[in-house]
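Throughout, read-outs are computed from the coordinates displayed, never taken from laboratory work. Everything quoted here is computed from the prediction, not taken from an experiment. Positions of Cβ are generated from backbone atoms using ideal geometry, with glycine treated the same way; all protein chains shown enter the neighbour counts.
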Amino acid sequence: MPEVKHFSEMKLVGVRVLCPGDQYIVEIPKASKMLRERMDEIANMVNRSLQYGAFVVEHSSSEEDGYWVCVEVSEFEDFPKDMVTLTIPAQMYAVLRHRGANVEIRQAYNELHQWIEVNGYQRLPNKWHLEAFHEWSDPANIDVELMDTVTYEV
């Protein structure tokens, strides 16, 4: 069952995946595996057992295009030169936990979007959205919180 959560600002370090739309389902797991193998190179990690995916649904610039595979850090220092940083502002999210295959995420998002509409929230597709992965090593059996940025319609 979806719920609404407020998150404070987050600092993320990781890799940006930029590819044709139909290739993300292949490229994101590769980036995730690489990041997992290089976690020891990142200082100030908040939680080693969580990986975040970050993206803007309706990006307004090429800098926002793509998908970021990251870990949360308390401060930006001592991270590999070939990795990127991303600061996600404090936001409100509609959250739905999905356990299963990564190819089923689209259906889970459909359910989340319907819940958002029925419960009087408005999606903010031009803001950063997050996916918090608790288990990501096997694409056929993932555990992820889908976090769609929302505001309450008045």
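Some notes on this structure:
- Percent of Cα pairs exceeding the 18 Å cut-off, where the set is the stretch 55-118: 58
- Listed by chain and number, the lysines placed with their C-alpha closer than 28 angstrom to that of residue 81 are 11, 30, 33, 127; residues fewer than eight positions away on the same chain are left out.
- The modelled label-to-label distance between residue 126 and residue 50, using points 7 Å beyond Cα along the C-beta direction, is 2.8 nm.
- Summed residue charge, Cβ within 11 Å of residue 153's Cβ, Lys/Arg positive, Asp/Glu negative: 0
- Aspartates and glutamates whose Cα lies under 15 Å from that of residue 5, excluding same-chain neighbours fewer than 8 positions away: 131, 145, 148
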